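The values are calculated or read from the model by the stated rules, or taken from the named source; none is laboratory data. From a predicted model like this one, the values you see are computed outputs, not experimental measurements. Neighbour counts run over all protein chains shown; Cβ positions are idealised from the backbone, glycine included.
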Amino acid sequence: MDFKRLFLSKNENILLLQKWNFDQDIESELFVEVTLTFNDGSERWCTLTTPENLVQYFSNNCMEPPGLYMKHLIIMKAMNKEDVEATFRYLDSQNELVGLTIPLNEILFKNDV
């Protein structure tokens with residue numbers, strides 16, 4: 001059953017995750033960008049990391065500033081396709097995935113300015 005229908009009015013289109021992919025190498029990057037494609041053709045992105053990668057990031061003594069804020073960061077137990085897929089599907093079923101990601105065209109437009 002598509003639980004998202006329970007949260008939306010009958011006139012609203014339901015945005016569903018169709019596919020996603022890692023945009024960077026998950027073995028070499030501490031923070032990995034991911035592109036998500038939805039059933040209306042729109043693309044969004046977010047950043048993934050793991051607790052271990054955060055520890056490694058903060059172990060750098062030269063890090064300035066000594067804090068980190070990323071609005072669209074999702075922390076994963078492990079950076080493997082199965083766990084990421086399960087997490088994205090869960091967030092999508094709860095109607096949370098769109099709010100945790102940024103429209104890809106927004107970023108492209110801002111970079112062109």
For the subset of region 39-68 comprising residues that are in a strand (DSSP E or B) and in contact (Cβ under 8 Å) with a residue 60 or more places away in the chain, which member is farthest from V84 (Cα to Cα)?
-> E43
Hey, T101 touching a His at 6+ places or on another chain (Cβ under 8 Å) and modelled with pLDDT of 95 or more or not = yes
Residues (under 14 Å from I26 (Cα atoms) and loosely packed, with under 14 Cβ neighbours inside 10 Å) located in region 52-81 = E52, I75, K77, A78, N80, K81
Which of the residues that make up region 82-96 are within 18 Å of F31 (Cα to Cα) and in contact (Cβ under 8 Å) with a residue 24 or more places away in the chain?
-> V84, E85, F88
Of all residues in region 6-32, count the ones that are at pLDDT 95 or above, loosely packed, with under 15 Cβ neighbours inside 10 Å and within 18 Å of D92 (Cα to Cα).
-> 3
Filter region 9-38 down to residues that are in a strand (DSSP E or B) and either of a type in the set (K, R) or within 17 Å of Y69 (Cα to Cα) (or both) and give me whichever is nearest to the chain's Cα centre (by Cα).
-> E33
